[in-house]
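Below is one structure, written out as structure tokens; the observations come after it.
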Amino acid sequence: MLSPYPLLVRAGYRRRSVYLTASLAGLFTNTVFGLLRVAVLLAVVAQTGSTAGYDAGAVSAFVWLGQGLIAVVMLWGDGELSERVRSGDIAIDLSRPWDLQLALLAGDLGRAGHAVLFRLAPPVAFGALVLPFRWPTDPVPTILLFTASTVLAVVVSFALRFLLDLSTFWLLDSRGVRSVYNGLGGVLAGLTVPLAFFPDALRGLLYATPFPAILQTPIDVFTERDGLAALLAHQLLWAVALLALGRLVLARATRKLVVQGG
């Protein structure tokens, strides 16, 4: 019997490919906001020529990679699993012959693959054509590391969204905690400004959380910042820890569901 998970990756890709108009609308919106963000940050670095190691090309790369990665990592979740918990449809998902967490992760990786093609590549190409842009000085290994880092970023983001959605088993409605997460996530992950702009003490606190692994780290890998091994290790650590925590929470939630059903 073939494993269902590769098929779920393909299904996740095909599901997103159906909504081409929505992808193009999101691409347009991200590009417009990218132009606004890059204008502000270029004005900042224009005063000194370089800020925290970011010159005009690095700032431009930071913005356009970040705008594209928003969709790839799904920085703000859709709460679909949460709604299935609220409706009780989660019982159907749990009865299927699969590992629910792995099945949802497989679908999310397929979704991310579609976003790479339609939401990441176009704004990066646009930014590189119209503005200064920092390309890797050692392209082949850097692109390979960037690919690995992006996959880990998707896994970390998925694991966090999975935990938020599972909170519905206890809260009955996760919209409150998801709203807080959505409001803070972008800033803490490095979407608004590079985390290198933050004071050292605050930056150290941020790197004690998984948020930089979602967005800032893939960008740092692409722009070849120092300490890449430590950054990738940080991503891997959080990916493993959050997936393990998700399995524990799902097991407890399943027991809760069985007790209530009994």
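The values are calculated or read from the model by the stated rules, or taken from the named source; none is laboratory data. Source: prediction; values computed, not measured. Methodologically, a virtual Cβ is constructed for each residue, glycine included, from the backbone with ideal geometry; neighbour enumeration extends over all protein chains shown. Surface areas here come from the heavy atoms of the whole protein model, side chains and all, with no ligands, DNA or RNA. Shrake-Rupley method; radii C 1.70, N 1.55, O 1.52, S 1.80 Å.
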For the range 181-241 and the range 10-88, what is the centre-to-centre distance using only Cα atoms, to the nearest Å?
15
Over the range 1-98, calculate the relative contact order: mean separation of alpha carbon pairs under 8 Å at least 6 apart, over the residue count, as a percent.
21
Checked against the positive end of the charge dipole of the chain (+1 on Cβ of Lys and Arg, -1 on Cβ of Asp and Glu, about the Cα centre), the farthest of V130, T168, A196 is T168
Given H placed 1.01 Å from N in the peptide plane, which residues other than close sequence neighbours of Y54 have an amide H under 5 Å from its amide H?
none
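Compute the length gained on full extension between R14 and L42: take 0.36 nm times their separation in residues and subtract their Cα-Cα distance, giving the result in nm to one decimal. Could the numbers behind the result be given before it?
Values: separation 28, 0.36 × 28 = 10.08 nm, distance 3.76 nm.
Length gained between R14 and L42: 6.3 nm.
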For the chain, with every protein chain kept in place, what is the accessible area per residue (1.4 Å probe, Å²)?
49
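If the chain between S3 and L117 were fully stretched, how many nm would it gain, using 0.36 nm times the residue separation less the Cα-Cα distance? Intermediate results must be reported in sequence, preceding the final value.
Working: separation 114, 0.36 × 114 = 41.04 nm, distance 2.57 nm.
Once the chain is fully extended between S3 and L117, it gains 38.5 nm.
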Compute the acute angle (0 to 90°) between the alpha-carbon long axis of helix 20-46 and the principal axis of greatest extent of the alpha-carbon atoms of the chain; round to the nearest 10°.
40
Over the alpha carbons of the range 1-110, what is the largest minus smallest coordinate on each principal axis, giving the biggest first in Å?
60, 26, 25
Considering the Cα positions of the chain, please state its Rg to one decimal place and its Dmax as a whole number of Å.
19.2, 67
Put a dot 7 Å past each Cα toward the Cβ at A128 and L236; how far apart are the dots in nm?
2.7
From the square roots a ≥ b ≥ c of the eigenvalues of the alpha-carbon gyration tensor of the range 1-47, which class results: rounded (a/c under 1.5), prolate (a/b over b/c), or oblate?
oblate
Difference of contour (0.36 nm per residue) and Cα-Cα distance, T192 to A22
58.8 nm
For the range 182-193, Karplus couplings with θ = phi - 60° (6.51, -1.76, 1.60), whole Hz, Gly/Pro x:
5, x, 8, x, x, 5, 5, 7, x, 7, 5, 9
Determine, from the Cβ-Cβ distance of W170 and D99 and an R0 of 25 Å, the FRET efficiency 1/(1 + (r/R0)^6), rounded to the nearest 0.05.
0.70
Once you keep just the Cα pairs under 8 angstrom separated by 6 or more residues, what percentage relative contact order results for the range 5-260?
27
Can you compute 3J(HN,Hα) from phi for each residue in the range 142-148, using the Karplus curve 6.51 cos²θ - 1.76 cosθ + 1.60 with θ = phi - 60°, rounded to whole Hz and x for Gly and Pro?
5, 5, 5, 5, 5, 4, 4
Quick one: Karplus J couplings for the range 63-75, per residue in order, coefficients 6.51, -1.76, 1.60, θ = phi - 60°, nearest Hz, x for Gly and Pro?
5, 6, 5, x, 4, x, 6, 3, 6, 4, 8, 6, 3
